[in-house]
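Here's the structure we're looking at; comments come further down.
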Amino acid sequence: MSLTTDEMRAVDEKAEKHFGIELPQLLENAGRNAAFFAREAIGGVKKKNILVLCGKGNKAASGLVAARFLHNWGAKATVIMAEHPDGLKKWTKWHTGTLKSMYVDVLYPTNQFAFGDVFRKCDMIIDALVGYGINRPTTGFYESLIRMANESGKKTLSI
């Protein structure tokens, strides 16, 4: 079953207004469940390299939560942000700070020289680049990261 963008917005709105589940809880739940799924998909994460690709919005915040869980479970989590830190939305910026305080590698477009090595060494990629609100084809740095993920041949989980 798939939902349209409008239907997904309605689900989010109902979760908050009807059930009292606010955005930070939704992001935490999505990220935790993505981490559980990733761990199951590759048979455990201890000492495995997990690459999380993040945009600037709430989907990225969920990806950062997943990276936090995976790191806590013994994975070597690395995050590549598609945006400069100044362009990140509130919760994405907040979760990025949390990961940095845990010494998780967070790379930005200015660190592109390291991307090839990170893609080669990873055991799995988690895609948290764009959310359900995207209404145009990806371009620029987002398109480049998607192409690198597709060409890597690695298992990929999209949140």
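Observations, loosely collected:
- Note on Phe37 and His84: with the Förster distance fixed at 30 Å, the Cβ-Cβ geometry gives a FRET efficiency of about 0.55.
- Probe 1.4 Å, protein heavy atoms only - accessible area per residue of the chain in square angstrom: 57
- For the stretch 1-143, a/c is not less than 1.5, where a ≥ b ≥ c are the root eigenvalues of the C-alpha gyration tensor, and a/b tops b/c. That puts it in the prolate class.
- Annotation: for a label point projected 7 angstrom from Cα along Cα→Cβ of Asn111, residues of the stretch 128-157 with backbone N closer than 20 Å are 128-130, 141-150, 152, 157.
- Between the helical axis of 58-72 and the longest alpha-carbon principal axis of the chain there is an angle of about 50 degrees.
- The calculated FRET efficiency for the pair Asn150 and Lys17, based on their C-beta separation and a Förster distance of 30 Å, comes to about 0.20.
- Acute angle (nearest 10 degrees) that the helix 23-41 long axis makes with the longest principal axis of the chain, alpha-carbon atoms: 50
- Note on Lys121: lysines with a C-alpha under 18 Å away, same-chain residues under 8 apart excluded, are Lys46, Lys47, Lys48, Lys76, Lys154, Lys155.
- Remark: relative contact order (the chain) = 26 percent; criterion is Cα-Cα distance under 8 angstrom and separation of 6 or more residues.
- Length gained when the stretch Met8-Tyr103 is fully extended (0.36 nm per residue, less Cα-Cα span): 30.8 nm
- For the chain, adding -39500 (n - 2.57) for each run of n ≥ 4 DSSP H residues and dividing by the number of residues yields -16000 deg cm²/dmol at 222 nm.
- Share of carbon and sulfur in the accessible area of the chain stands at 52%, probe radius 1.4 Å.
- Degrees between helix 5-17 axis and first principal axis of the chain (Cα, 0 to 90, nearest 10): 70
The values are calculated or read from the model by the stated rules, or taken from the named source; none is laboratory data. Please read these numbers as outputs of a predicted model, since none were measured by experiment. Glycine also receives a Cβ, built like all others from the backbone with ideal geometry; neighbour counts cover every protein chain displayed. Surface accessibility is based on the protein's heavy atoms, side chains included, excluding ligands, DNA and RNA. Shrake-Rupley method; radii C 1.70, N 1.55, O 1.52, S 1.80 Å.
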